[in-house]
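Quick notes on the structure that follows.
The values are calculated or read from the model by the stated rules, or taken from the named source; none is laboratory data. Keep in mind that this is a model prediction, so the values were computed, not measured. All Cβ positions, even for glycine, are placed from backbone atoms using ideal geometry, and neighbour counts span all protein chains on display.
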Amino acid sequence: MDTKTAVQETYYDSIIKQGYNRRDFMKFATYIAAYMGLETTMVGQIAKSLETSYRLPVIWEHYQECTCCSESFIRSDHPIVADIILDKISLDYTLTLMAASGHQAEAAKHATMEKYKGEYILCVEGSVPLGDDGNYCCIAGRTAKEAFLEAAAGAKAIIAWGSCASNGCVQAAAPNPTEATPIHKIVKNKPIIRVPGCPPIGEVMAGIIVHVVAFGKLPELDRMGRPKAFYAKRVHDSCYRRPYYDAGLFAETFDDQNAKEGYCLYKVGCRGPMTYNSCGTIKWNNGVSYPIQSGHGCIGCSEDDFWDNGPFYERLTNIPGFAKEASADTVGAIAGAALVGGIAAHAIGATIAKRKEVKSRIDRGIENDKNIDF
């Protein structure tokens, strides 16, 4: 074993040193597998990988952002996420969480970049401003663009945490004075995982890190570079208010009786029907709630250009899955008509089937069968 790996610990070593036992470790492996949507048979592979894998060195950069991604991560529902996956992940550089600062912090980052070239994971929180030669965001006397390109050059893979790094977020809203730019538009020759959300859910972030560790590769991504395990379904599809939407029952304002009854928030601007995220299944704050459950419509923060897709409190002009002219005013009528139509179709179908049966009996010479009835 070389000197570089000799001083490293596996994830399991770190977990035991933190005072957790084997049972806690297996619960964590099961917990992460469930969040990633994996079968229970994969729990063993995750556990084995964490037992035998040395902790990944991570450089976590902060650019134009509010630090909400880091805040979300450290408030994950499971304590091992904060204690091991973040704090003990060999997080060699993060301006928000590290004790060092100034020249000492920058020296730690460069030491990791040199020692683990081609092996470390680069996490980016925040967009990169390109306007005015990058002077809108400078760190240690250098622009964010310079720092990012340098760190990206030796990275094994890049994770774009949050909407700022994934799509520019509100900084990129028109007219985008700083020319805020998501990282996938700056670097093209590196594997990039986009994890949008303002912020993304802490368990989602932990699940992605564990996937890279356990399987040695990036998770399966959708066409926008987002992990399918967490971004395959619309918020609308897992929303507990969905039955009200289907029935055409909507809150007209945030303080009307319909809102108090928990009716669908589509008419007051909810973007759930066009937003892909796992808010309704994983939820926030230790699984307690998410924006819609708290009474506020989804603003679509995990989708590109969500800040320029119209006012947050005006409904969409059409409903995905219905014809263009369909709206909240007609969806209830459409649902009702479909129900009535279905009943009528069933009745007609039953009558036709019965007539065919009668004709068949007549053809077979049993037209006087008294048991036939219409």
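A compact table of results
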quantity	calculated
Single condition SER302 does not satisfy, out of (1) crowded, with 21+ Cβ neighbours inside 10 Å; (2) among the hydroxyl-bearing types (Ser, Thr, Tyr); (3) assigned to a helix (DSSP H, G or I)	(3)
Search result, residues across segment 195-220 that are in contact with a Phe, Trp or Tyr (Cβ under 9 Å, 6 or more places away or on another chain), under 18 Å from LYS156 (Cβ atoms) and either among the charged types (D, E, K, R) or modelled with pLDDT of 95 or more (or both)	VAL195
Residue match in segment 254-263 (condition: crowded, with 17+ Cβ neighbours inside 10 Å, under 26 Å from the mean Cα position of the chain (by Cα) and either under 29 Å from GLY202 (Cα atoms) or not β-branched (Val, Ile, Thr) (or both))	yes
Spans of helices (runs of 4 or more DSSP H) in segment 128-234 with at least 1 residues surrounded by 16 or more Cβ atoms within 10 Å (Cβ to Cβ) and touching a Ser or Thr at 6+ places or on another chain (Cβ under 7 Å)	162-167, 202-215, 228-231
Answer from PRO219, PRO227, PRO182 - the residue that is over 22 Å from TYR35 (Cβ atoms) and either in contact with a strand residue (DSSP E or B) (Cβ under 6 Å, 6 or more places away or on another chain) or without any contact (Cβ under 8 Å) to a residue 60 or more places away in the chain (or both)	PRO182
Cross-chain or 6+ apart pairs with Cβ under 6 Å, segment 145-158 first and closer than 17 Å to ASN135 by Cβ, then part of a helix (DSSP H, G or I)	LYS145/GLY134
Residues (in contact with a strand residue (DSSP E or B) (Cβ under 8 Å, 6 or more places away or on another chain) and free of Cβ contacts under 8 Å to residues at least 12 places away in the same chain) located in segment 285-309	TYR290
